[in-house]
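The values are calculated or read from the model by the stated rules, or taken from the named source; none is laboratory data. Every value quoted in this text rests on a predicted model; they were computed, and no experiment measured them. Virtual Cβ from ideal backbone geometry, glycine too; neighbours counted across all protein chains shown. Side chains are part of the model used for accessible areas, which takes the heavy atoms of the whole protein and leaves out ligands, DNA and RNA. Shrake-Rupley method; radii C 1.70, N 1.55, O 1.52, S 1.80 Å.
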Amino acid sequence: MNNPEDYTDYIKAYRMLDDYTITCSPWNKGQHDYGNGHVMNFTEAHTLQYIIEHPGLIVSDIADYWGFTLCAASKIVSNLHVKGLIKKEKEDGNLKNLYLIPTELGLECDRLHQEFDRKYYSTLIDSLSALHSKEELDVFFRVMPSYINCGRQIMAKRGVLHRTTNKTGS
(Lines give C-alpha, C1' and ligand atoms only; values in the text may rest on other atoms or scores of the structure.)
Protein backbone atom coordinates (compact mmCIF):
# COMPACT_ATOMS: atom_id res chain seq x y z
CA MET A 1 0.00 0.00 0.00
CA ASN A 2 1.36 3.40 -0.91
CA ASN A 3 -0.42 5.10 1.97
CA PRO A 4 -1.56 2.58 4.60
CA GLU A 5 -3.33 5.20 6.69
CA ASP A 6 -5.71 5.71 3.74
CA TYR A 7 -6.75 2.12 4.14
CA THR A 8 -6.31 1.13 7.76
CA ASP A 9 -7.87 -2.28 7.37
CA TYR A 10 -5.54 -3.62 4.66
CA ILE A 11 -4.80 -6.80 6.66
CA LYS A 12 -8.51 -7.61 6.50
CA ALA A 13 -8.39 -7.12 2.71
CA TYR A 14 -5.42 -9.48 2.40
CA ARG A 15 -7.26 -12.08 4.44
CA MET A 16 -10.35 -11.72 2.25
CA LEU A 17 -8.21 -12.34 -0.85
CA ASP A 18 -6.64 -15.37 0.83
CA ASP A 19 -10.12 -16.66 1.75
CA TYR A 20 -11.21 -16.24 -1.88
CA THR A 21 -8.18 -18.20 -3.10
CA ILE A 22 -8.66 -20.97 -0.53
CA THR A 23 -12.38 -21.21 -1.30
CA CYS A 24 -11.81 -21.50 -5.05
CA SER A 25 -8.66 -23.65 -5.05
CA PRO A 26 -10.30 -27.02 -4.30
CA TRP A 27 -12.76 -26.50 -7.13
CA ASN A 28 -10.05 -25.36 -9.52
CA LYS A 29 -7.85 -28.39 -8.82
CA GLY A 30 -10.53 -31.07 -8.88
CA GLN A 31 -11.87 -33.10 -11.81
CA HIS A 32 -15.44 -32.28 -12.83
CA ASP A 33 -18.05 -33.95 -14.99
CA TYR A 34 -20.11 -31.17 -16.55
CA GLY A 35 -22.87 -33.55 -17.55
CA ASN A 36 -21.72 -36.05 -20.18
CA GLY A 37 -19.44 -38.38 -18.23
CA HIS A 38 -16.17 -36.78 -19.38
CA VAL A 39 -14.13 -35.10 -16.68
CA MET A 40 -11.87 -32.05 -16.86
CA ASN A 41 -10.21 -29.84 -14.31
CA PHE A 42 -10.64 -26.06 -14.26
CA THR A 43 -7.53 -25.33 -16.32
CA GLU A 44 -8.35 -27.97 -18.91
CA ALA A 45 -11.92 -26.69 -19.29
CA HIS A 46 -10.82 -23.09 -19.75
CA THR A 47 -7.93 -24.04 -22.03
CA LEU A 48 -10.35 -26.01 -24.20
CA GLN A 49 -12.62 -22.96 -24.31
CA TYR A 50 -9.66 -20.78 -25.34
CA ILE A 51 -8.67 -23.22 -28.10
CA ILE A 52 -12.23 -23.20 -29.45
CA GLU A 53 -12.47 -19.40 -29.33
CA HIS A 54 -9.05 -18.89 -30.99
CA PRO A 55 -8.62 -21.29 -33.94
CA GLY A 56 -5.09 -22.10 -35.06
CA LEU A 57 -3.36 -22.06 -31.68
CA ILE A 58 -0.16 -23.92 -30.89
CA VAL A 59 1.13 -24.95 -27.45
CA SER A 60 3.22 -21.78 -27.03
CA ASP A 61 0.02 -19.73 -27.43
CA ILE A 62 -1.48 -21.62 -24.49
CA ALA A 63 1.67 -20.95 -22.45
CA ASP A 64 1.42 -17.25 -23.30
CA TYR A 65 -2.28 -17.11 -22.40
CA TRP A 66 -1.94 -18.76 -18.98
CA GLY A 67 1.56 -17.50 -18.20
CA PHE A 68 2.77 -21.10 -17.88
CA THR A 69 6.01 -22.69 -19.01
CA LEU A 70 5.91 -24.53 -22.33
CA CYS A 71 6.25 -27.78 -20.38
CA ALA A 72 3.18 -27.03 -18.24
CA ALA A 73 1.16 -25.92 -21.29
CA SER A 74 2.22 -29.09 -23.14
CA LYS A 75 0.94 -31.20 -20.24
CA ILE A 76 -2.47 -29.48 -20.31
CA VAL A 77 -2.71 -29.87 -24.08
CA SER A 78 -1.61 -33.51 -23.85
CA ASN A 79 -4.35 -34.18 -21.26
CA LEU A 80 -6.96 -32.65 -23.56
CA HIS A 81 -5.64 -34.73 -26.46
CA VAL A 82 -5.61 -38.01 -24.47
CA LYS A 83 -9.19 -37.32 -23.35
CA GLY A 84 -10.21 -36.93 -27.01
CA LEU A 85 -11.20 -33.27 -26.60
CA ILE A 86 -8.71 -31.89 -29.13
CA LYS A 87 -6.61 -33.16 -31.97
CA LYS A 88 -3.21 -31.94 -33.10
CA GLU A 89 -2.72 -31.26 -36.78
CA LYS A 90 0.33 -30.33 -38.82
CA GLU A 91 0.08 -27.76 -41.56
CA ASP A 92 1.47 -28.79 -44.93
CA GLY A 93 5.06 -27.62 -45.23
CA ASN A 94 5.34 -26.84 -41.51
CA LEU A 95 6.53 -29.89 -39.60
CA LYS A 96 7.34 -27.92 -36.44
CA ASN A 97 3.98 -26.59 -35.27
CA LEU A 98 1.06 -28.74 -34.21
CA TYR A 99 -2.19 -26.82 -34.41
CA LEU A 100 -4.81 -27.51 -31.77
CA ILE A 101 -8.26 -28.36 -33.11
CA PRO A 102 -11.31 -29.21 -30.96
CA THR A 103 -13.04 -32.52 -31.60
CA GLU A 104 -16.81 -32.97 -31.59
CA LEU A 105 -16.48 -34.32 -28.03
CA GLY A 106 -14.43 -31.25 -27.11
CA LEU A 107 -17.10 -28.95 -28.52
CA GLU A 108 -19.78 -30.80 -26.53
CA CYS A 109 -17.75 -30.68 -23.29
CA ASP A 110 -17.08 -26.97 -23.79
CA ARG A 111 -20.77 -26.27 -24.36
CA LEU A 112 -21.66 -28.10 -21.14
CA HIS A 113 -18.89 -26.34 -19.22
CA GLN A 114 -20.04 -22.92 -20.42
CA GLU A 115 -23.62 -23.80 -19.50
CA PHE A 116 -22.41 -24.73 -16.00
CA ASP A 117 -20.45 -21.46 -15.72
CA ARG A 118 -23.45 -19.40 -16.86
CA LYS A 119 -25.65 -20.96 -14.17
CA TYR A 120 -22.98 -20.61 -11.48
CA TYR A 121 -22.08 -17.01 -12.29
CA SER A 122 -25.70 -16.00 -12.73
CA THR A 123 -26.44 -17.32 -9.23
CA LEU A 124 -23.31 -15.63 -7.87
CA ILE A 125 -24.20 -12.26 -9.47
CA ASP A 126 -27.77 -12.53 -8.18
CA SER A 127 -26.44 -13.20 -4.67
CA LEU A 128 -24.00 -10.29 -4.87
CA SER A 129 -26.73 -8.02 -6.26
CA ALA A 130 -28.86 -8.75 -3.21
CA LEU A 131 -26.01 -7.53 -1.00
CA HIS A 132 -24.49 -4.67 -3.01
CA SER A 133 -25.61 -1.82 -5.24
CA LYS A 134 -25.06 -1.84 -8.98
CA GLU A 135 -22.48 0.92 -8.50
CA GLU A 136 -20.52 -1.20 -6.00
CA LEU A 137 -20.55 -4.18 -8.34
CA ASP A 138 -19.49 -1.99 -11.27
CA VAL A 139 -16.46 -0.82 -9.27
CA PHE A 140 -15.65 -4.40 -8.26
CA PHE A 141 -15.69 -5.62 -11.85
CA ARG A 142 -13.64 -2.64 -13.04
CA VAL A 143 -10.98 -3.32 -10.38
CA MET A 144 -10.73 -7.12 -10.78
CA PRO A 145 -8.84 -7.09 -14.13
CA SER A 146 -6.20 -4.81 -12.61
CA TYR A 147 -6.01 -7.01 -9.52
CA ILE A 148 -5.50 -10.11 -11.67
CA ASN A 149 -2.89 -8.49 -13.92
CA CYS A 150 -0.96 -7.01 -10.98
CA GLY A 151 -1.00 -10.40 -9.28
CA ARG A 152 0.29 -12.09 -12.43
CA GLN A 153 3.11 -9.57 -12.76
CA ILE A 154 4.14 -10.05 -9.13
CA MET A 155 4.03 -13.84 -9.51
CA ALA A 156 6.13 -13.62 -12.70
CA LYS A 157 8.75 -11.50 -10.92
CA ARG A 158 8.90 -14.13 -8.18
CA GLY A 159 9.40 -16.85 -10.78
CA VAL A 160 6.03 -18.52 -10.14
CA LEU A 161 4.68 -17.72 -13.60
CA HIS A 162 6.78 -18.14 -16.69
CA ARG A 163 5.19 -15.27 -18.59
CA THR A 164 2.90 -12.36 -17.91
CA THR A 165 -0.23 -11.74 -19.93
CA ASN A 166 -3.10 -9.34 -20.07
CA LYS A 167 -5.70 -12.02 -20.66
CA THR A 168 -8.49 -10.34 -18.71
CA GLY A 169 -9.00 -7.99 -21.62
CA SER A 170 -9.37 -10.87 -24.10
Original post:
Any residue at all in segment 96-107 that is farther than 26 Å from H32 by Cβ and modelled with pLDDT of 90 or more?
Top reply: yes
Original post:
Mind checking which residues of segment 140-149 are open to solvent by less than 70 Å² (accessible area, probe 1.4 Å) and free of Cβ contacts under 8 Å to residues at least 24 places away in the same chain?
Top reply: S146, I148, N149
**OP:** May I ask you to list the residues in segment 30-55 that are under 16 Å from L98 (Cα atoms) and open to solvent by 40 Å² or more (accessible area, probe 1.4 Å)?
**Re:** I52, H54, P55
Subject >> Matching residues in segment 89-140 - criterion: being within 26 Å of G56 (Cα to Cα) and of a type in the set (A, V, I, L, M) >> reply: L95, L98, L100, I101, L105, L107, L112
**OP:** Look at F68 and say whether it is in contact (Cβ under 8 Å) with a residue 60 or more places away in the chain and aromatic (F, W, Y).
**Re:** yes
